[in-house]
Amino acid sequence: AADAQAKAQREARDEGGGLPNRVVAKGTKCVYKHGTGRREVVIVAKQHADGSGGFFYTIFVPSLGRERQTESDRVDFNPETVAALDAAGGIDDGSAGNAG
C-alpha cells in the first residue's frame with residue numbers, strides 16, 4: 001500500500017509539479033532544492049530509473065563544484081522556474097518563492 005501511495009503521489013507531481021515523466025537529456029538545466037531550502041540552477045549529468053517507475057538524477061551543483069545524486073522531489077524542471085532563477089543569478093536562499 002505504501003508503494004502504491006508513493007507512486008500515486010509521484011504521478012500527481014509529474015502532471016503539474018515541474019517533474020519530468022520522460023527522458024531528460026544530459027545538460028538540461030533544472031532547479032535543485034538544497035536541504036537548507038536554498039534553490040540553485042543545476043545541470044543534469046545523468047537520469048537514472050529508480051526501479052519503481054520514477055527517476056533520480058546525477059546533477060552538477062555549481063556552488064559545490066561537484067556532482068551529486070538527488071531524488072526527483074528535489075528538482076524542478078519547469079522552464080519558467082528555471083529561467084527566472086537563472087536570470088536572478090542562479091541561486092537564492094530559499095526565503096521567497098519556494099517552488100519545488
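Where does the charge balance sit around THR58 when Lys and Arg score +1, Asp and Glu -1, over other residues with C-beta under 15 Å from its C-beta? Mind dumping the intermediate values first?
Numbers: positive: LYS26, LYS29, LYS46, ARG66, ARG68, ARG74; negative: ASP50, GLU67, GLU71.
Computed value for this residue: +3.
With Cβ to Cβ distances under 9 Å as the rule, what net charge do the other residues near GLY94 carry (K, R +1; D, E -1)?
Values: positive: LYS33, ARG38, ARG39; negative: ASP92, ASP93.
Once positives and negatives cancel, what remains is +1.
Could you calculate the contour length gain from ALA49 to GLU67, that is, 0.36 nm times the residue separation minus the distance between their Cα atoms, to one decimal place in nm?
On the way: separation 18, 0.36 × 18 = 6.48 nm, distance 1.77 nm.
Gain on stretching ALA49 to GLU67: 4.7 nm.
Starting from one equal scatterer on each C-alpha and no solvent at all, send me the Debye-based log10 I(q)/I(0) for the range 40-81 at q = 0.24 Å⁻¹, two decimals.
-0.84
Put +1 on the Cβ of every Lys and Arg and -1 on every Asp and Glu Cβ in the range 23-94; which of ILE43, GLY89, VAL31 then has its Cα farthest towards the positive end of the dipole?
Projecting each Cα onto the dipole axis, the largest value belongs to ILE43.
Every number in this text was worked out from the coordinates using simple rules, so none of it is lab data. Only a predicted model underlies this, so the values are computations on that prediction, with no experimental measurement involved. Virtual Cβ from ideal backbone geometry, glycine too; neighbours counted across all protein chains shown.
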